[in-house]
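Peer 1: I am attaching a structure below and will ask some questions about it afterwards.
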Amino acid sequence: METILPFRHENEKTLLNKVHPTVRIILPFIFVIPFLLINSIYLISTFIIITFFFSVIARLPLLRIISRIKNIIPFIILITVFIPFYIGETIIFRIEIGITLNIYKEGLSRALLLFMRIFGATFIFMSFFSSLTYSEFIEALKTMRLPSFFVGSFIIMLHYIPIIASSNKKILEAQELRGKKITNYWEKLKAHGYAMGKSLVANMERSEKLYESLKMRGFTGKLTFASRKIKIIDIMLLLLFLFITLSLIYFINLELFYKGVLALFWL
Amino acid sequence: MAVDVENLNFSYKNGFSVQDLSLKIEENSIYALTGNNGSGKTTLLKLLVGLLKPKSGTIKIFDEVLTRNRKQLWKVRQKIGFLFQNPDDQLFAPTIEEDVGFGARNLKLEQEEVKERVEWALKAVNLFDYKEYSPFNLSWGQKKRASLAGLLVMNPKLLILDEPFANLDFKSIYSHLEIFEKLRKEERMTILFTTHNLFFVENWAEKILVLNSGKGIFEGDPKEGLNHPEVKKILGSYDEIHKLIQKNQEKD
């Protein structure tokens, strides 16, 4: 069965398989948190490049990750595209379409920074999460000592994502077979929205059934799952990532480095 | 007696009701519940396991009267394995092993025994090699078997199967039937199942109950039931479908 959740199939092998799932969840945070706090496009680019090469070495499903990110890019553009028009003072371009639209230099660099931040965070999280199976992901949440009601609700929520997605797909296919033409991305999104509403109502009934089936097996409101221990090697990996991050922030002048590299190519 | 129902009455707010229904299911037998869509099959099953509260009448499961008392209800439910028609309504845990062990852990068994029961149940449904799989990565038939394993760990005496063969290919039907028969013979389980498929009514069940609009219109021998004029009128038959096809072929 095709799943839409960003998790690894149990049979897929990656070099990260032996690393504790909790560590695999923490690793992307070590990369992402600094570039959310520091306004540096060089830092974001460096983390994206490191994650890219790390994904290749660790045999993570890079093509799948990229194809999923591709779907999110229009949303990121939507969030960032208007910023250059209303933030800043230095006009770098002027559009006359009945009214005057100014594009500001400060706004443009802020939009680019925001775009890179969202894109980078998505790419890094997706890359590391793609090494986790669904059960490893839940195990990690448990090891992080999140409340059981939260983990339980999360499990049930995740349970329904592929189910709702598959019914959505069927509704759209049925509409297409009856002549509905979905020609572009926005129409597809709109059609998905309508189908999603219908699926949600249908799945309310489903969740009732799931609750009944849990009750039949003695459910009293608590879900319990097994988890394994974190090893020294896992801690070492965490420390290595921390060391890389701190070095990139404090010891290496990334701006100088990138400018040097670019100068090499231009020359 | 595995199930003994007398003068059961129930009604939904929308007006549909189960009226004055009685049935008896002997231990270790196979009992089929059939009827058209909306005839009340699933409602009856839910009443039998205490998911719905009857208006009047008595339900006895292995001589124990079903009441609304929580403790007593849980005691009765431990004897019943209810297999939902759609396995996605049952499987919820991250792995098959975790899902199958859910019921056993709720029985407050020792960890070692939970492990043993899970292993036994997974082997009984031929899914032991898939124990670390997520339910998302199984086929429909495998999911159905995994759901069944989730019931077997609780060691039920009565298996209630809602449309157990729906959406299954012939090979899967064969393997499911093999499992059910093995459970009946080796574990002495009683099987109550609902179906629209007259083949299973005629060939697998030992006794049937035909429902129509919440009323029982026939209880007894399957062959006799399928030849009953009122049952024929309500359920239709293979003969009628066959005749229709032949008639159309002749016209062509």
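Peer 1: It is to be established whether one or more residues within segment A:60-67 are under 23 Å from A:Ile235 (Cβ atoms) and either among the small types (Gly, Ala, Ser) or in the same structural domain as A:Arg110 (by TED's automatic domain parsing) (or both).
Peer 2: Step one: list which residues in segment A:60-67 are under 23 Å from A:Ile235 (Cβ atoms), which gives A:60.
In the following step, the residues that additionally are either among the small types (Gly, Ala, Ser) or in the same structural domain as A:Arg110 (by TED's automatic domain parsing) (or both) were identified as A:60.
Checked against the condition, which is being under 23 Å from A:Ile235 (Cβ atoms) and either among the small types (Gly, Ala, Ser) or in the same structural domain as A:Arg110 (by TED's automatic domain parsing) (or both), segment A:60-67 yields at least one hit.
Peer 1: Among the numbered criteria (1) over 30 Å from A:Met196 (Cβ atoms); (2) part of a helix (DSSP H, G or I); (3) more than 25 Å from the chain's Cα centre (by Cα); (4) among the polar types (S, T, N, Q), which one does A:Asn102 miss?
Peer 2: The one condition A:Asn102 does not meet is (2).
Peer 1: If I filter segment A:57-69 for residues that are within 14 Å of another protein chain (Cβ to nearest Cβ), within 26 Å of A:Thr143 (Cα to Cα) and over 15 Å from the mean Cα position of the chain (by Cα), do I get at least one hit? Give the steps one after another, and end with the answer.
Peer 2: First pass over segment A:57-69, keeping only residues within 14 Å of another protein chain (Cβ to nearest Cβ): none.
No, segment A:57-69 has no match at all.
Peer 1: Mind telling me which of the residues B:Gln72, B:Gln85, B:Gln90, B:Gln78 ends up being more than 10 Å from chain A (Cβ to nearest Cβ) and either touching a strand residue (DSSP E or B) at 6+ places or on another chain (Cβ under 8 Å) or touching a residue at least 60 places away in the same chain (Cβ under 8 Å) (or both)? Working first, answer last.
Peer 2: Numbers: B:Gln85 fails: more than 10 Å from chain A (Cβ to nearest Cβ); B:Gln90 fails: more than 10 Å from chain A (Cβ to nearest Cβ); B:Gln78 fails: more than 10 Å from chain A (Cβ to nearest Cβ).
When all the criteria are applied, what remains is B:Gln72.
Peer 1: Going by the structure shown, is B:Lys144 more than 21 Å from A:Lys215 (Cα to Cα) and either away from every other protein chain (no Cβ under 14 Å) or part of a helix (DSSP H, G or I) (or both)? Give the derivation first.
Peer 2: Details: more than 21 Å from A:Lys215 (Cα to Cα): no; either away from every other protein chain (no Cβ under 14 Å) or part of a helix (DSSP H, G or I) (or both): yes.
No.
Peer 1: Looking at segment A:209-227, is at least one residue part of a helix (DSSP H, G or I) and away from chain B (no Cβ under 14 Å)?
Peer 2: no
Peer 1: Looking at the structure I just gave you, is B:Asn9 within 23 Å of B:Leu235 (Cβ to Cβ), surrounded by fewer than 22 Cβ atoms within 10 Å (Cβ to Cβ) and polar (S, T, N, Q)? Please lay out each step first, then the result.
Peer 2: Working: within 23 Å of B:Leu235 (Cβ to Cβ): no; surrounded by fewer than 22 Cβ atoms within 10 Å (Cβ to Cβ): yes; polar (S, T, N, Q): yes.
The answer is no for B:Asn9.
Peer 1: List pairs: first residue in segment B:5-32 and at positive phi, second residue surrounded by 15 or more Cβ atoms within 10 Å (Cβ to Cβ) anywhere in the structure, Cβ distance under 6 angstrom, at least six positions apart or on different chains.
Peer 2: B:Asn7/B:Gly57; B:Asn28/B:Thr190
Peer 1: Only one of (1) touching a residue at least 24 places away in the same chain (Cβ under 8 Å); (2) within 14 Å of another protein chain (Cβ to nearest Cβ) fails for A:Phe154. Which number is that?
Peer 2: Of (1) touching a residue at least 24 places away in the same chain (Cβ under 8 Å); (2) within 14 Å of another protein chain (Cβ to nearest Cβ), only one is false for A:Phe154: (1).
Peer 1: Here's another thing I want to ask about it. Out of the residues in segment B:39-69 that are in contact with a Gly (Cβ under 8 Å, 6 or more places away or on another chain) and in a helix (DSSP H, G or I), which is farthest from the other protein chains (Cβ to nearest Cβ)?
Peer 2: Here the residue is B:Lys41.
Peer 1: Condition test on A:Ser67, is it of a type outside the set (A, V, I, L, M), assigned to a helix (DSSP H, G or I) and surrounded by 15 or more Cβ atoms within 10 Å (Cβ to Cβ)? Talk me through it step by step, then tell me what you get.
Peer 2: On the way: of a type outside the set (A, V, I, L, M): yes; assigned to a helix (DSSP H, G or I): yes; surrounded by 15 or more Cβ atoms within 10 Å (Cβ to Cβ): no.
Criteria not met by A:Ser67.
Peer 1: One residue is enough: does segment A:159-181 have a residue meeting the conditions under 18 Å from the mean Cα position of the chain (by Cα) and within 10 Å of chain B (Cβ to nearest Cβ)?
Peer 2: To start, the set of residues in segment A:159-181 that are under 18 Å from the mean Cα position of the chain (by Cα) comprises A:161-162, A:165.
Adding the requirement that they be within 10 Å of chain B (Cβ to nearest Cβ) leaves A:161-162.
Yes, segment A:159-181 has at least one match.
Peer 1: Within segment A:70-87, take every residue that is hydrophobic (A, V, I, L, M, F, W, C) and either outside any helix (DSSP H, G or I) or out of contact with any helix residue (DSSP H, G or I) (no Cβ under 9 Å at 6 or more places or on another chain) (or both) and give me the one that is nearest to A:Ser127 (Cα to Cα). I'd like the intermediate steps shown before the answer.
Peer 2: Within segment A:70-87, the subset hydrophobic (A, V, I, L, M, F, W, C) is A:72-73, A:75-79, A:81-83, A:85, A:87.
Within this subset, residues satisfying the condition of being either outside any helix (DSSP H, G or I) or out of contact with any helix residue (DSSP H, G or I) (no Cβ under 9 Å at 6 or more places or on another chain) (or both) are A:78, A:81-82, A:87.
Working: A:Leu78: 23, A:Val81: 26, A:Phe82: 29, A:Ile87: 33 Å.
Selected residue: A:Leu78.
Peer 1: Of the numbered conditions (1) surrounded by fewer than 23 Cβ atoms within 10 Å (Cβ to Cβ); (2) within 13 Å of another protein chain (Cβ to nearest Cβ); (3) under 22 Å from the mean Cα position of the chain (by Cα); (4) assigned to a loop (DSSP other than H, G, I, E, B), B:Asn126 satisfies every one except a single condition; which is it?
Peer 2: (2)
Peer 1: Would you call B:Leu48 among the aliphatic types (A, V, I, L, M), assigned by TED's automatic domain parsing to the domain that holds B:Thr195 and either touching a residue at least 40 places away in the same chain (Cβ under 8 Å) or surrounded by 16 or more Cβ atoms within 10 Å (Cβ to Cβ) (or both)?
Peer 2: Values: among the aliphatic types (A, V, I, L, M): yes; assigned by TED's automatic domain parsing to the domain that holds B:Thr195: yes; either touching a residue at least 40 places away in the same chain (Cβ under 8 Å) or surrounded by 16 or more Cβ atoms within 10 Å (Cβ to Cβ) (or both): yes.
Against the criterion (among the aliphatic types (A, V, I, L, M), assigned by TED's automatic domain parsing to the domain that holds B:Thr195 and either touching a residue at least 40 places away in the same chain (Cβ under 8 Å) or surrounded by 16 or more Cβ atoms within 10 Å (Cβ to Cβ) (or both)), B:Leu48 qualifies.
Peer 1: If you don't mind, another one. So how many residues does segment B:93-122 have that are assigned to a loop (DSSP other than H, G, I, E, B) and farther than 16 Å from B:Gly81 by Cα? Break it down stepwise before answering.
Peer 2: Taking segment B:93-122 first, the residues assigned to a loop (DSSP other than H, G, I, E, B) are B:93-95, B:107-110.
Next, only the ones that are farther than 16 Å from B:Gly81 by Cα stay: B:93-95, B:108-110.
Of the residues in segment B:93-122, 6 are assigned to a loop (DSSP other than H, G, I, E, B) and farther than 16 Å from B:Gly81 by Cα.
Peer 1: Do you know which residues across segment B:93-120 are away from chain A (no Cβ under 12 Å) and either without any contact (Cβ under 8 Å) to a residue 24 or more places away in the chain or farther than 25 Å from B:Arg188 by Cβ (or both)?
Peer 2: Taking segment B:93-120 as the starting set, the residues that turn out to be away from chain A (no Cβ under 12 Å) are B:110, B:112-113, B:116-117, B:119-120.
Across segment B:93-120, the qualifying residues are B:Glu110, B:Glu112, B:Glu113, B:Glu116, B:Glu119.
The values are calculated or read from the model by the stated rules, or taken from the named source; none is laboratory data. As the structure is a computational prediction, the values presented were derived from the model and not from experiment. In this analysis, Cβ positions are derived from the backbone assuming ideal geometry, glycine residues included, and neighbour counts consider all displayed protein chains.
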